[in-house]
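Written out below as structure tokens is the structure these notes cover.
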Amino acid sequence: MADLMTFLPLDRASCSSSKKGSSKAVPPEPEKAKPDEINPKVNDTIEEAYDKARTLGLQVVSALALEIGAEIIIKAKGLVNGKKVGRCIYLGTESSERFPVGYLIPKAEKGIGTVHCVIQFNVEKNCYQIKDLGKGCGTFIKIAGRVTVRTGYMVFIGEMHFTITVTPEELVLKFLGNAKIKHQLKFKTSARQVTIGRKKGSTIYVASGSFSRTQCKLIYENDAWKIMDGDGIKGSTNGTWLLANEFFDIDHDMTIKAAQIIFKATLMPSKNS
């Protein structure tokens with residue numbers, strides 16, 4: 001099945017080449033809304049935003065130990081399944097005084113780190129966000145639609161992954177985990193399109209059963225490179241995934257993978273909105 005694709009353990013050495021996602025770094029303190037000491041009305045506005053924020057549900061779609069169909073209910077003010085845990089919601093296998101894990105995951109779930117990822121509500125953007133903390137086998141976002149890519153993004157497809165570097169003149173893809181592909185490939189913006197898949201004639205041809213004929217496409221439009229899963233009409237069989245090595249917005253119906261656990265995100269209206 002598509003969502004049961006297994007990723008190889010992350011090469012954390014390669015992650016550490018970027019400023020974000022290093023396994024050696026202590027998990028960062030997530031961004032928090034700062035109270036305004038001069039204008040109390042600003043504080044009231046922030047609290048009102050929390051009150052009106054939608055509720056985030058993460059339903060377990062695939063897992064080893066967690067119950068399939070179980071749901072983590074998160075509210076902007078830091079409530080997890082009705083329990084107050086703080087506005088930065090940590091998921092992992094162990095809790096500590098510095099990083100109190102709001103949702104404990106059984107250690108039987110392979111690849112989950114002690115403090116695996118963090119979820120927070122961004123008041124300015126009025127959305128929930130998720131970030132991997134470099135303590136396990138990664139937290140991934142399944143690509144849906146067209147996603148604008150930036151330098152430092154890491155894309156995972158089965159046993160292969162690549163990093164992205166974007167300059168005004170070119171797109172650079174650095175491949176890891178697949179010796180059959182040249183280590184680094186560069187494409188001028190004039191190329192406009194790069195296809196990856198097992199279809200003959202693809203810009204990057206990969207003879208692997210885990211790849212679709214057109215696994216994903218990178219296109220240059222409106223002065224930016226964007227990535228999409230599949231050919232833009234039909235998605236790939238196993239999906240194309242982004243490592244959440246920075247805070248990514250959580251959209252309704254988004255698929256999120258924490259190591260081998262797959263969640264489906266749902267955003268529900270607040271009773272106060």
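Which one of these does PHE175 not meet: (1) assigned to a loop (DSSP other than H, G, I, E, B); (2) at pLDDT below 95; (3) open to solvent by less than 10 Å² (accessible area, probe 1.4 Å)?
Only one criterion is unmet by PHE175, namely (1).
Among the residues of the range 225-271, what is the count of those that are part of a loop (DSSP other than H, G, I, E, B) and under 29 Å from ALA53 (Cβ atoms)?
First, pick out the residues of the range 225-271 that are part of a loop (DSSP other than H, G, I, E, B): 230-240, 244-247, 250-254, 259-260, 269-271.
Right, trim to under 29 Å from ALA53 (Cβ atoms) and you get 239, 244-247, 250-254, 259, 269-271.
Going through the range 225-271 one residue at a time, the tally reaches 14.
From (1) touching a Phe, Trp or Tyr at 6+ places or on another chain (Cβ under 6 Å); (2) under 30 Å from ILE112 (Cα atoms); (3) open to solvent by 10 Å² or more (accessible area, probe 1.4 Å), pick out the condition that doesn't hold for THR237.
Among (1) touching a Phe, Trp or Tyr at 6+ places or on another chain (Cβ under 6 Å); (2) under 30 Å from ILE112 (Cα atoms); (3) open to solvent by 10 Å² or more (accessible area, probe 1.4 Å), THR237 violates only (1).
Can you give me the number of residues within the range 134-160 that are more than 30 Å from ILE233 (Cβ to Cβ), open to solvent by 10 Å² or more (accessible area, probe 1.4 Å) and either among the hydrophobic types (A, V, I, L, M, F, W, C) or under 14 Å from the mean Cα position of the chain (by Cα) (or both)? Reasoning before the result, please.
Taking the range 134-160 and keeping what is more than 30 Å from ILE233 (Cβ to Cβ), we get 134-137.
The next check asks that each one be open to solvent by 10 Å² or more (accessible area, probe 1.4 Å); those that pass are 135-137.
So of that shortlist, the ones also either among the hydrophobic types (A, V, I, L, M, F, W, C) or under 14 Å from the mean Cα position of the chain (by Cα) (or both) come out as 136-137.
Residues in the range 134-160 being more than 30 Å from ILE233 (Cβ to Cβ), open to solvent by 10 Å² or more (accessible area, probe 1.4 Å) and either among the hydrophobic types (A, V, I, L, M, F, W, C) or under 14 Å from the mean Cα position of the chain (by Cα) (or both): 2 in total.
Going by the conditions given, is PHE99 crowded, with 19+ Cβ neighbours inside 10 Å and either among the charged types (D, E, K, R) or assigned to a loop (DSSP other than H, G, I, E, B) (or both)? If you could, list the steps in order and put the result at the bottom.
Working: crowded, with 19+ Cβ neighbours inside 10 Å: yes; either among the charged types (D, E, K, R) or assigned to a loop (DSSP other than H, G, I, E, B) (or both): yes.
When the stated conditions are applied, PHE99 passes them.
So in the range 210-224, with the set limited to residues that are part of a loop (DSSP other than H, G, I, E, B) and in contact with a Gly (Cβ under 9 Å, 6 or more places away or on another chain), which one is farthest from TYR90 (Cα to Cα)? Can you show your working first?
Keep residues of the range 210-224 that are part of a loop (DSSP other than H, G, I, E, B), which gives 210-215, 222-223.
With in contact with a Gly (Cβ under 9 Å, 6 or more places away or on another chain) added as a condition, the list becomes 210-215.
Working: SER210: 32, PHE211: 33, SER212: 34, ARG213: 38, THR214: 36, GLN215: 32 Å.
Across the range 210-224, the extreme among qualifying residues is ARG213.
I'd like to know if the range 215-234 contains one or more residues that are open to solvent by 60 Å² or more (accessible area, probe 1.4 Å) and in contact with a strand residue (DSSP E or B) (Cβ under 6 Å, 6 or more places away or on another chain). I'd like the intermediate steps shown before the answer.
Restricting attention to the range 215-234, the residues satisfying the condition of being open to solvent by 60 Å² or more (accessible area, probe 1.4 Å) are 222-223, 231, 233-234.
Applying the additional criterion that residues be in contact with a strand residue (DSSP E or B) (Cβ under 6 Å, 6 or more places away or on another chain) yields none.
For the range 215-234, residues open to solvent by 60 Å² or more (accessible area, probe 1.4 Å) and in contact with a strand residue (DSSP E or B) (Cβ under 6 Å, 6 or more places away or on another chain): absent.
Quick one: ASP253 ticks every box in (1) surrounded by 15 or more Cβ atoms within 10 Å (Cβ to Cβ); (2) within 17 Å of the chain's Cα centre (by Cα) except a single one, so which number is it?
That leaves (1) as the condition not met.
Report yes if ILE261 is over 20 Å from VAL147 (Cα atoms) and open to solvent by less than 40 Å² (accessible area, probe 1.4 Å), otherwise no. Reasoning before the result, please.
Numbers: over 20 Å from VAL147 (Cα atoms): yes; open to solvent by less than 40 Å² (accessible area, probe 1.4 Å): yes.
Considered against the rule, which asks whether it is over 20 Å from VAL147 (Cα atoms) and open to solvent by less than 40 Å² (accessible area, probe 1.4 Å), ILE261 comes out as yes.
Tell me yes or no: at least one residue of the range 106-121 is surrounded by fewer than 16 Cβ atoms within 10 Å (Cβ to Cβ), in a loop (DSSP other than H, G, I, E, B) and of a type in the set (Gly, Ala, Ser). Spell out the reasoning first.
From the range 106-121, those surrounded by fewer than 16 Cβ atoms within 10 Å (Cβ to Cβ) are 106-108, 110; that's our starting set.
Of the ones still in play, those that are also in a loop (DSSP other than H, G, I, E, B) are 106-108, 110.
If we keep only those that are of a type in the set (Gly, Ala, Ser) as well, we get 108.
Looking through the range 106-121, at least one residue is surrounded by fewer than 16 Cβ atoms within 10 Å (Cβ to Cβ), in a loop (DSSP other than H, G, I, E, B) and of a type in the set (Gly, Ala, Ser).
Can you work out which of the residues in the range 51-95 that are among the polar types (S, T, N, Q) and under 17 Å from the mean Cα position of the chain (by Cα) is most open to solvent (accessible area, probe 1.4 Å)?
For the range 51-95, the residue satisfying everything is GLN59.
Among the candidates SER208, SER202, which residue alone is polar (S, T, N, Q), surrounded by 13 or more Cβ atoms within 10 Å (Cβ to Cβ) and touching a strand residue (DSSP E or B) at 6+ places or on another chain (Cβ under 6 Å)?
Numbers: SER208 fails: touching a strand residue (DSSP E or B) at 6+ places or on another chain (Cβ under 6 Å).
After ruling out the rest, the residue left standing is SER202.
Restricting attention to the range 235-273, which residues are out of contact with any strand residue (DSSP E or B) (no Cβ under 6 Å at 6 or more places or on another chain), among the hydroxyl-bearing types (Ser, Thr, Tyr) and either within 29 Å of ILE204 (Cα to Cα) or without any contact (Cβ under 8 Å) to a residue 24 or more places away in the chain (or both)?
THR237 - this is the single residue of the range 235-273 that is out of contact with any strand residue (DSSP E or B) (no Cβ under 6 Å at 6 or more places or on another chain), among the hydroxyl-bearing types (Ser, Thr, Tyr) and either within 29 Å of ILE204 (Cα to Cα) or without any contact (Cβ under 8 Å) to a residue 24 or more places away in the chain (or both).
Checking the condition modelled with pLDDT under 95 and of a type in the set (Lys, Arg), which residue from LYS142, LYS131, LYS125 passes?
Details: LYS142 fails: modelled with pLDDT under 95; LYS131 fails: modelled with pLDDT under 95.
After applying the criteria, what remains is LYS125.
The values are calculated or read from the model by the stated rules, or taken from the named source; none is laboratory data. Here the structure is a predicted model, which is why all the values come from computation and not from measurement. Counting neighbours? That spans all protein chains shown, and the Cβs are built from the backbone with ideal geometry, glycine included. Protein only, heavy atoms only, side chains kept; ligands, DNA and RNA dropped before computing areas. Shrake-Rupley method; radii C 1.70, N 1.55, O 1.52, S 1.80 Å.
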